[in-house]
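A short worksheet on the structure shown next.
Readers should treat all values here as calculations from the given coordinates under stated rules, not as data from a laboratory. All values derive from a computational prediction rather than experimental measurement. When we count neighbours, we look across all protein chains shown, and the Cβ atoms used for this are built from the backbone with ideal geometry, even at glycine.
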Amino acid sequence: MKIIATVIITILVLIAAGIGFIYSGIYDVAAGKPHSALVVWTLSTTSGQSVRARAGSVKVPSDFDSLNTAKGFSRYHKICETCHGAPGVKPSEIGKGLNPKPPDLKKSAKELSPSEIFWIVKHGIKMTGMPDFGKTYSDAELWPLVAFVKRLPEVTDVEYKTMVQKAKAKKQEGT
């Protein structure tokens with residue numbers, strides 16, 4: 001009986017300490033101050049495991065390898081480049097001010113599967129600044145973006161700049 005009482009008292013003390021910590025205002029939530037190593041580990045591990053668990057049910061289209069990456073580029077340039085940057089393009093002031101820092105997709109695209117990238121883009125990630133684009137784009141509109149992100153590690157700075165110039169020229173022709 002003493003063991004059960006000790007466990008219950010310990011749990012109640014930990015809960016009270018947690019509530020005290022939350023209401024004390026001790027933890028600095030300023031975006032300009034980096035998280036501690038423990039917070040970074042906790043958030044990144046939780047996020048990674050959550051994405052893996054949920055992306056397992058995502059079916060990659062059978063034509064994924066032949067999707068129109070030009071459409072994917074256009075969408076990436078419009079909605080992703082601001083925060084993540086691109087080959088030869090640094091993130092904007094918005095992207096630089098986010099905490100946690102948005103990943104360099106040229107690097108992380110190598111580590112993530114198409115279904116994981118799709119799930120992240122479609123659903124977003126809480127408390128990271130990563131929006132839920134499933135609210136504004138259909139799955140059919142998101143898959144070319146995912147195909148382009150998967151291709152990003154191979155895109156050179158010059159190739160990306162050329163894509164941007166072609167998109168600008170095409171836009172000017174249409175006006």
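Worth pointing out:
- Taking the number of Cβ atoms within 10 Å of each Cβ as an exposure proxy, the fewest-first ranking of 40, 149 is 40, 149.
- Positive contributions from Lys and Arg (+1) and negative ones from Asp and Glu (-1), summed over other residues with Cβ under 14 Å from the Cβ of residue 79, come out at +2.
- Contour minus Cα-Cα distance for residue 23 and residue 41 (0.36 nm per residue): 4.2 nm
- Within segment 34-174: Cβ-based charge dipole about Cα centre, in debye rounded to nearest 20 (Lys, Arg +1; Asp, Glu -1): 200
- Note on residue 104 and residue 66: their simple-model spin labels are 3.5 nm apart, each label 7 Å out from Cα toward Cβ.
- Per-peptide packing, taken as the mean over residues of other Cβ atoms within 10 Å, places 20-33, 55-68 in the sequence 55-68, 20-33 from highest down.
- Helix 157-174 vs. the chain, principal-axis angle (Cα, 0 to 90°, nearest 10): 60
- Integer Hz, Karplus 6.51/-1.76/1.60 couplings in order for segment 66-74, x for Gly and Pro: 10, 5, 6, 6, 5, 5, x, 4, 4
- In segment 102-175, chymotrypsin sites (Phe, Trp or Tyr not before Pro) in a DSSP loop with at most 16 other beta-carbon atoms within 10 Å: 137
- In the chain, Cα pairs under 8 Å separated by at least six residues give a relative contact order of 25 percent.
- Between residue 158 and residue 136, the distance separating the two model label sites (each 7 Å from Cα on the Cα→Cβ line) works out to 3.4 nm.
- Amide proton proximity set for residue 130, modelled H, under 5 Å, gap of 5+: 125
- Phi-based couplings in Hz for segment 40-57 (Karplus 6.51, -1.76, 1.60; Gly and Pro marked x): 4, 4, 4, 5, 5, 5, 4, 4, x, 5, 5, 4, 4, 5, 7, 6, x, 8
- Over 20 Å (Cα to Cα) - which of 71/96; 96/171; 122/161; 71/171; 78/106 fall in this group: 71/96; 96/171; 122/161
- Positive minus negative residues near residue 121 (Lys, Arg vs Asp, Glu; Cβ under 11 Å): -2
- In summary, the lysines within cross-link reach of residue 101, defined as a Cα separation below 17 angstrom excluding same-chain residues under 8 places away, comprise 33, 90, 126.
- Per-residue 3J(HN,Hα) values for segment 78-87, derived from phi via the Karplus relation 6.51 cos²θ - 1.76 cosθ + 1.60 with θ = phi - 60°, read 7, 10, 10, 4, 3, 8, 8, x, 7, x Hz in sequence order (x marks Gly and Pro).
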